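The values are calculated or read from the model by the stated rules, or taken from the named source; none is laboratory data. Model, not experiment: these values are computed from the prediction. So basically every Cβ, Gly included, is an ideal-geometry build from the backbone, and we count neighbours across all protein chains shown.
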Amino acid sequence: MNPAIGALYRLLYNGVLCRLPEPAAVALGQTALRLLPWDRLSAFRLDDPRLAVTLGGARLPNPLILAAMYYDPRILRRVMGLGFGAVTTKSITVEPRPGHPQPNLVRVRSAAGPGLVNCNGFQNPGLERFRAAIIGLPHRVPLIVSVAGESVDDYVRLVTRLGPLGDLVEFNISSPNTRLVYEWSRKPRELVALLRAVRAATDKPLIVKLSPDFTDANESEIIPAALEAGIRIVNYGNARRVEERRLSQGAGGLSGPELFPATLETLRRARARFGRGLEIIATGGVDSPEKARQLLREGATAVGYFTGFITRGPILAREILELLLAER
Ligand SMILES: Cc1cc2nc3c(=O)[nH]c(=O)nc-3n(C[C@H](O)[C@H](O)[C@H](O)COP(=O)(O)O)c2cc1C
């Protein structure tokens, strides 16, 4: 790999993207992703059969997963060629949602490095428009369809309609930006009914995406209930809820390297408690090859990230894969 690509991206991020107001930086980044043929450049990928893993029985060419954020099929198509072993869609809701008003994304910087706080509020085109948009999307790597609902019926409808279009299905019960989704973790009894109903609605491997804010409930109630319902994969996890006065909602989900110590700790605990019967996607704060390697060594089945894709650029996947391969 040419180390100049990583250095160039960091210059672009720190020198240009970080200086633009957040909405302009997002628009610029997404336009560049949509229009430029990044996915045709082999510089961002590393194809080697030794990197392959299985997740819920599905074969991933490597253990890196782009976490939920994008729904535009043009972007999904591009990012499938950027080194990931699987790509997750934005969480889709039954009805279209405009998302929360601006400002809904701000940058933060801590000693751990650059991160984001968002109150996106599930901006997405809604179930039927999204379904029509991705129906012809080629799956260069497995596609994980993410869904978010406010009721058991919502989830069942989403999973029934979108499940056939994904290789795996992730159901999000943990985004801190919309009360109804976040509240699922506080209602373990209703959650049991949800887990069972969703399991019955699809034959696809199912992933439940957990919140780092409910570690005790996750371990004592939610993961055991998921296993009982026949759901064997957890994504640990989503952004952490924080107060943030600059956002329109006064609070949002923190993502980026500040999450990493908790991601590592929850992974270790879940692995020790549930053993190999549970597959774990460790997500939260991965922005370097060493962090990804550490999670995999601690027993993660796969590693997800989103903020690192923005702050370190699309080359991060290849940098991680090179480190993993060097150790095979
Ligand atoms: C702007 C933004 C939008 C997001 N949208 C979703 C979403 O729709 N569904 C979801 O499950 N997670 C969503 N996430 C959370 C990420 O998928 C990921 O779980 C979280 O950012 C932690 O990982 P990271 O530190 O690598 O970013 C979003 C994150 C950001 C920053």
Unique match (being modelled with pLDDT under 95, in contact with a helix residue (DSSP H, G or I) (Cβ under 9 Å, 6 or more places away or on another chain) and hydrophobic (A, V, I, L, M, F, W, C)) among Ala300, Ala217: Ala217
Among the helices (runs of 4 or more DSSP H) confined wholly to region 275-328, which include 2 or more residues that are more than 16 Å from the chain's Cα centre (by Cα) and surrounded by fewer than 23 Cβ atoms within 10 Å (Cβ to Cβ)? 289-297, 315-326
Some residue of region 179-202 being within 16 Å of the ligand (Cβ to nearest atom), hydroxyl-bearing (Ser, Thr, Tyr), assigned to a helix (DSSP H, G or I) and in contact with a Gly (Cβ under 8 Å, 6 or more places away or on another chain): no
Check whether at least one residue in region 17-37 is under 30 Å from Gly277 (Cβ atoms) and modelled with pLDDT of 95 or more, and report yes or no. no
For region 217-257, list the strands (runs of 3 or more DSSP E) that sit wholly inside it and hold at least 1 residues that are in contact with a Lys or Arg (Cβ under 6 Å, 6 or more places away or on another chain); which are they? 233-236, 251-255
Strands (runs of 3 or more DSSP E) (entirely within region 74-176) containing at least 1 residues that are polar (S, T, N, Q) and over 25 Å from Leu60 (Cα atoms): 105-110, 113-118
Taking the stated definitions as given, is Val106 farther than 19 Å from Ala317 by Cα, within 11 Å of the ligand (Cβ to nearest atom), surrounded by fewer than 23 Cβ atoms within 10 Å (Cβ to Cβ) and in contact (Cβ under 8 Å) with a residue 40 or more places away in the chain? yes
